[in-house]
1. Can you confirm whether segment B:71-79 contains a residue that is closer than 24 Å to residue B:199 by Cα and either in contact (Cβ under 8 Å) with a residue 24 or more places away in the chain or assigned to a helix (DSSP H, G or I) (or both)?
2. Please enumerate the residues belonging to segment B:37-68 that are in contact with a helix residue (DSSP H, G or I) (Cβ under 8 Å, 6 or more places away or on another chain), surrounded by fewer than 16 Cβ atoms within 10 Å (Cβ to Cβ) and farther than 30 Å from residue B:7 by Cα.
3. From the list B:238, B:260, which residue is more than 9 Å from every other protein chain (Cβ to nearest Cβ), outside any loop (DSSP other than H, G, I, E, B), surrounded by 12 or more Cβ atoms within 10 Å (Cβ to Cβ) and modelled with pLDDT of 95 or more?
4. Being more than 10 Å from chain B (Cβ to nearest Cβ) and more than 21 Å from residue A:127 (Cβ to Cβ) is the filter here, so list the residues in segment A:155-186 that pass it.
5. Here is a check on your reading of the model: is residue A:178 free of Cβ contacts under 8 Å to residues at least 24 places away in the same chain, more than 30 Å from residue B:288 (Cβ to Cβ) and crowded, with 16+ Cβ neighbours inside 10 Å?
6. Take residue B:53 and decide whether it is at pLDDT 90 or above, away from chain A (no Cβ under 14 Å) and outside any loop (DSSP other than H, G, I, E, B).
7. Being closer than 21 Å to residue B:97 by Cβ and touching a helix residue (DSSP H, G or I) at 6+ places or on another chain (Cβ under 9 Å) narrows it down to one of B:239, B:267, so name that one.
């Protein structure tokens, strides 16, 4: 990513490396991911008796019921800020259609069949928009579940529907989360370093995000 | 009353069977396993002989150690709009116009102790709601986390949240008294004998007997309220007009809400299986296809 942070010598980007995420992006991502992990684990504890032991590990059942909504607000705030930073990069480009069509080749590591991608590939964009829209559903239903005592009794019949939607939406995000963590930690070595330290090798950038690489370096291969 | 012990039948948010696995203590200290010695208990409320004196309300707050709440005036005999976290038992007063004139309907409102309790089904907290084999559904505030899922599961709008303690409360059917072989406090206080307590079988018999009497006296619509949508309740009513329970602010066909059943049924199982399958799936993908080793691949091409 060009511009933004001026690197001091000590934090200079090493040779053959390009900056992928600036500090703000990394900070929002990790606050968001810690918040999400807490929400997922505490949510699962309240979702099924099989996971209720997590409630004790994470501070006690009444404690997680207190914190889950507050951490939910942190999660929402960081999703909102990430959206401000990334919404342009998350827009569809013409190559995305071809990418989605060839997703099987991508999954089978036949990357030569994949069209060049921008800063985020079509799969990352799909992940982002799933999380983005699910967050809004979780926020609205979550606020109702936070303070049902403020709700008029005549409206109590919607509570089961609200809780059902909250649970089902959370399960969708968990499916997306499993794929996201798997892809970044195991399938594409270098991704975790990119999100922690901020930079990737030029080879990594050229292979996974060629259009982005060409844009930031002005180079054509 | 031989309910000298309370054997647990169902526990909220709990994995597996109830502790004890069918064994339970007898009053002499020995254990017994097999069929339960407990019988279903039941409270019978004959609304046709209730005079709305509210003695049961006083007995309830007294036994449970709460103060009487401030009353409000709304131009009827209704003393307060609804039950509260520390006021579990309230006479609901209704004026209903019929062809024959005006009816004053009084109904003792409290937890119905459903055979299929929506509160317990919805509750995520292990041991916060317990159903005993005698039919009593009891809240255990020590385990309550204040999420109020029970409110979403109850078709009778009974659980009440205390904003100070962040716990939910309701009528216990005096499980502490019944467990000690006594009848509930409200039963003891009723001056007209409209409240009865005993086995479900006996109370159904008493209720039907009273209904026959009412039919003979010209109340053709009289009947028993023991809704089958929640597999019956352990508090049953004799109503003057059983065809219109709404007149008494009772739901005509109460059931555990559909979305509670979907959420605690298929969604829970599909979600759990889905998550395990997802983690297993990505693991299998990894050992089949492995990582995208870009740097090495690029070096070879170069």
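1. No: segment B:71-79 contains no residue that is closer than 24 Å to residue B:199 by Cα and either in contact (Cβ under 8 Å) with a residue 24 or more places away in the chain or assigned to a helix (DSSP H, G or I) (or both).
2. B:67, B:68, listed by residue number.
3. B:238 is the lone residue from the list that is more than 9 Å from every other protein chain (Cβ to nearest Cβ), outside any loop (DSSP other than H, G, I, E, B), surrounded by 12 or more Cβ atoms within 10 Å (Cβ to Cβ) and modelled with pLDDT of 95 or more.
4. A:155
5. no
6. In short, no.
7. One residue alone meets the criteria, B:239.
Condition check ((1) out of contact with any helix residue (DSSP H, G or I) (no Cβ under 6 Å at 6 or more places or on another chain); (2) in contact (Cβ under 8 Å) with a residue 60 or more places away in the chain) across all residues:
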{"site": "B:117", "(1), (2)": "yes, yes"}
{"site": "B:125", "(1), (2)": "no, yes"}
{"site": "B:139", "(1), (2)": "yes, no"}
{"site": "B:142", "(1), (2)": "yes, no"}
{"site": "B:149", "(1), (2)": "no, no"}
{"site": "B:159", "(1), (2)": "no, no"}
{"site": "B:164", "(1), (2)": "yes, no"}
{"site": "B:171", "(1), (2)": "yes, yes"}
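The values are calculated or read from the model by the stated rules, or taken from the named source; none is laboratory data. Predicted model only: the values in this text are computed from it and were never measured. Neighbour counts run over all protein chains shown; Cβ positions are idealised from the backbone, glycine included.
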